[in-house]
Structures are given as C-alpha cells and as structure tokens.
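Read the structure below first, then the notes.
The values are calculated or read from the model by the stated rules, or taken from the named source; none is laboratory data. It should be emphasised that the depicted structure is a prediction, and the values quoted were computed from it without experimental measurement. Cβ placement follows ideal geometry from the backbone for every residue including glycine, while neighbour counts extend to all protein chains displayed. Areas reflect the complete protein model, heavy atoms only, side chains present, ligands, DNA and RNA absent. Shrake-Rupley method; radii C 1.70, N 1.55, O 1.52, S 1.80 Å.
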Amino acid sequence: MMKQENHGDDGANLHASQDDMESLVLDEPPPSSNGQSSPSASASVERHSTTATTSSTSQNFNSILEPPSYADAVFTSFDSSSSNGQENPKQPSYQSDPPTRSEFLKIWVSDPEKELELTNSLVPGGTSYYTYLITTRTNMPEYGGPGSEFTVRRRFKDVVTLSDRLSESYRGFVIPIRPDKSVVESQVMQIEQFVEQRRAALSKYLNKLAVHPTLKKSEELRLFLVVRGKLPLAKSVDMASRMLDGAVRLPRQLTGEAAAVTDVNEAAQPAKGGRDLLRIFRELRQSVVNDWGGVKPMVVEEDKEFMERKEKVAEFEQQLSNLSQQAESLVKAQQDMGETMGELGLAFVKLTKLETEGAMFQSQTIRATDMKNVATAAVKASRLYRELNAQTVKHLDKLHEYLGVILAVNSAFSDRSSALLTVQTLSSELVSLQSRIEKLEAAASKIFGGDRSRMRKIEELKETLKVSEDAKACAVREYERIKENNRSELERVDRERHEDFMGMLKGFVLNQAGYAEKMANAWEKLAEETSAYERDGN
C-alpha cells in the first residue's frame, strides 16, 4: 500500500552538474552497514557537535543535519529497537538476539537460489523455481531448548502447504495471511526485484507465525523449520481434483452404493473441501433456508457479545481502510514536497551561477550570496523531507499491516460460521431421519405380521440416525472449540493492537516533530544570515 519510490539518484537529478552544486556539499552522517544512518552514530555525532565550536560552516551544516532534541528520542530511545525494518538479504544478522531469559523464536530468510524442477519434461532445462535459506534460532523446548539453531531450504510452494495445514488444524485462530503468489508481478517486475520482494514477505510472514502464542508451538511450523530436505507435510490437493473426486462419489451416494451420511471424522472439517458434494449441497440448502426460508434454525448464534464484536470489527475495517488511504496521501504529499524543494534549490543554484558570472556591482554579489543560501536551505529541506518520508512509511505502514490482520480475523469468523452451518445441517438431517422412521413404523404397524422390507429400511435409517447423531456431537464440539478460539484470539488481537498503535503513533509524532524542528532550524539560520546581509547593505 504505502511504498516510497526509489530516490537513490535524486542527488544526481538535483545537481545538473558537479559545478552547479560544488558549493552546496553537505556533510552526511556516516552510513551504517545496512545503508542507513546508524542511531548510535547519530547520537555520537550530535554529542560531539554540542562541544565543538559553531563558527565553522561545516559544523553548522552538521548541527542542522544531525537530529535535534525531538529526533534524539526518535533515533535512540524509540527506534533503536528496530533497524528500520530492514535486514541483509544475503547474510542474516544475529547480533540482536532476544534475551535468553524469555522464550523466543527468531527466523531469517536469505540467500535465494534458482533451482531446476525435476520433472519428466522433454523440454531441455524444464522449469525453474527459487528456494530460500531459512535460519531459525530459538530457546523453546519444542525445538530443543536454549542454543538451538536450524537451517533449511524451502520454496514458496512449501510455504503454501504450511499455511494450508495451519488453517486446517487451527480453525478459529487468527492466522497471519501468507504472501500471495503474485503471478502477475513476477511477469512484470525484474526477476531480482521480485525475488527480493518475496524474500522480505516470507521473512515477515514466518516471524508473525513465530510470535503467535499457539502457532509457534505447532508441529506443522516445527517440521517446516527443522526438517531438512522434502517438507514432511501433506501437500494441498487443488480444488479441481477435490471437486472431481466429489463428482465421482456423488452418483454412488444418490444410489445408495456409498454412504450418504456425514462421517464422524469429517464433521469436524469444513464441507468446502469438495470431496463430499452431497454434503456441500445439503449445507448450501440449509444456508438458503436460514436466509430465505422464514423458519428459525434449530441452532443459532446466541452469543450477543460476539455479534457486537463482529460488527465493531467490520466498522473498524472500514475506518482503517480510509485511514490507510489518507496515510498514502500524506506520503505522496511529503514525497512531492521533497522533490519540489530539490527542484527549487537547483533553480536557485542556476540563478546564483548566472548572477556570479556577470557580477558588476556589489548588489549582484549580495543577491548571489542570498540565493546561494536559499539554495542550500532548499536542498537540505529536500533531503530532510525524504528522510521524514522514509520514517513515515515505516511507522504508518502498520495501518496497512492491520488490514491483513482484519482479513485473518474475518477468516477466523468464517470458520465459526462454517462450523455452525454444519451443526444446523446435521440437526435438520436428524429431524428428517426421525420423521421418516416414525412414518415407516406407523405404516408397518398397519400390516399384520409387519412389513419386512419396511422393517429393514427402518433398521438402516436407525443406523444412519446413530451415525448422524455422533457426527452432530462431533460438529458441536468443534463449534464450541472454535468459539473459544475466537474469544481468546480477539482478546489477544486487542492487546497487540493497543501496543502496536501506541508505538506507531509515538514514532510518527516524534518523527514529525523532530524533522519539523530540523527544517525550522535550517530556515531560521537562513533568515539570520539574510538579515545580516540586509544590515550590511544599509
């Protein structure tokens, strides 16, 4: 959502030539290993600058470019916990491990490698795909305790399998949304850019799983992170294959050759899997009856608190989407402002050069000096706007991230609705079976000696009734389990949202205040110099 365009060549764009800007070289803080200003380096330079003399021009420039009082809090106390959300894609850094006193699970994704698909294709070379080196460090007992470290290679298809297995095993949980396959982007973007974007997305996704209090202890995630070689998880069967299996089974169910009743083991799983089309049709019919039949289902959602929470989540999603769009507008406005300031500075540089080359009077020299100072301040402001925009994207991207969280919450709600629909469908089937048995028993009782064919049918229906009762009991237990998962997960999401939004707001406000102060200092210094020229002229 909120992405900042690459401005790595902005300096070259702003400076028409080296001669144009040779008098506007600004001292930059030393870059850190990841290409960004180190917080500790910034603080160190600023502490040094407070003790140095301020008469030097370069030192004045440094005092403007280095963080002032507000930005001190931003770059040291607040943002020091995160290195701007970036990591080295080539080699993961282990320098900031979580403290060993608490439980942690940290995952790095790096070193993408291109590999060939081993198929029976007659085409030389076949198809290719990328694998990623996944490094895990943890002290959790499920992974072997303190000092445990693992490295495996996984492809994107393995991540899809992991996501599907978690969704099946942990219904009702708010499971982080996995990255999309992005087929279109892979065809449009440069392959290196696409691979790096996917690497970063996989790293973020796996670390979200690693901090989930339940999923981080799951056997599915442990196998994914620990076992080398082929992923020991059952692969997902595509929807077309499942529907085909269901279509083959359906005629046999209708003719009585195959069981037409929901199996006890399948009752705890959603019908949308597709292998039992008859069950899908029954639940679809039940859904239509619920919505349009005018008859209240035997089992309904009676948790009023949950229904209120669900409505609030829907309203929150709407407001969050609007806020995210406004944040994008802010990022675009700051980006445009930075570019405009840079262009303004360049224009003043060109005018300064013209005034200097043809200077015949003292007034021309004074004007040229004033314009040079304006150009210098505009270029500084342009750089500060770009820095501010990077920080704005870093903090307000949390809004876009929570749109994904809301998708996961809605998915957990869908698990609940699906489980309730299964219970409603089985309840209706039990009523129908009981009614058929009663009618057959009444008809058989009117015949002297009984009707053997009807008696056999009654026994079959009673057996089906017993299986359906067991299936309903299993479905009810699954529904209650999902309800409890929804409740606990909503509480967890609320706690985390409070912490995340407080951190986002603090970072955003401190950066806005800090960079506003830096820009004000630059223009204030320019105003003082301009006033001095005016006094000298008078």
What percentages make up the Cα-Cα pair-distance distribution of the stretch 304-530 when the bins are 5 Å wide from 0?
1, 6, 9, 9, 8, 7, 7, 6, 6, 5, 5, 5, 4, 4, 3, 3, 3, 2, 2, 2, 1, 1, 1, 0, 0, 0, 0
Suppose the chain between Q434 and S148 were pulled fully straight at 0.36 nm per residue; how much longer would it get relative to their current alpha carbon spacing?
97.2 nm
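Rounded to a whole number of µm²/s, how large is the Stokes-Einstein D of the stretch 469-517 at 10 °C and 1.306 mPa s, given Rh as the Kirkwood radius over C-alpha pairs?
Details: Rh = 13.9 Å.
In µm²/s, the coefficient rounds to 114.
If you rank W523, W108 by how much accessible surface each has, with a 1.4 Å probe, what is the order from largest down?
W523, W108
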Whole angstrom only: what separates the Cα centroid of the stretch 445-507 from the Cα centroid of the stretch 133-157?
36 Å
Accessible surface of I406 in the full protein assembly, 1.4 angstrom probe, to the nearest 10 Å²?
10 Å²
With DNA, RNA and ligands ignored, accessible area of M502 (1.4 Å probe; Å², nearest 10):
110 Å²
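Would you please calculate the Kirkwood hydrodynamic radius of the stretch 409-499 over all C-alpha pairs and express it in Å, rounded to one decimal?
When all Cα pairs of the stretch 409-499 are included, the Kirkwood radius is 15.9 Å.
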At 1.4 Å probe size, with no ligands or nucleic acids counted, give the accessible surface of V331 in Å², nearest ten.
10 Å²
Compute the distance from the alpha-carbon center of the stretch 304-332 to that of the stretch 341-378, in whole Å.
49 Å
Between the modelled labels at A443 and N207 (7 Å from Cα along Cα→Cβ) the distance in nm is 6.8 nm
Using the Cα centre of the stretch 304-530 as origin and beta-carbon charges of +1 (Lys, Arg) and -1 (Asp, Glu), tell me which of N322, V379, N486 is placed farthest towards the positive end of the dipole.
N486
Out of G404, S417, G345 - ranked by how far each Cα lies towards the positive end of the dipole of the stretch 304-530, with unit charges on the beta-carbon of charged residues - the top one is S417
Farthest positive-ward along the stretch 434-535 dipole, Cα basis, beta-carbon charges - from A442, H498, A527:
A442
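In debye, nearest 20: dipole of the stretch 304-530 around its Cα centre with unit charges on the Cβ of K, R (+) and D, E (-)? List each step's numbers first, then the result.
Values: 35 positive and 38 negative charges, 146 e Å.
With only Lys, Arg, Asp and Glu charged at Cβ, the dipole is about 700 debye.
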Ranked packing of 466-478, 191-203, 308-320, most packed first, by mean Cβ within 10 Å
466-478, 191-203, 308-320
Per q in 0.18, 0.23, 0.26 Å⁻¹, report the Debye log10 I(q)/I(0) for the stretch 188-232, using one uniform scatterer on each alpha carbon and no solvent.
-0.66, -0.83, -0.90
Heavy-atom accessible area with a 1.4 angstrom probe orders Y385, Y143, most exposed first, as Y385, Y143
What order do L407, L231 take when sorted by accessible area (1.4 Å probe), most exposed first?
L407, L231
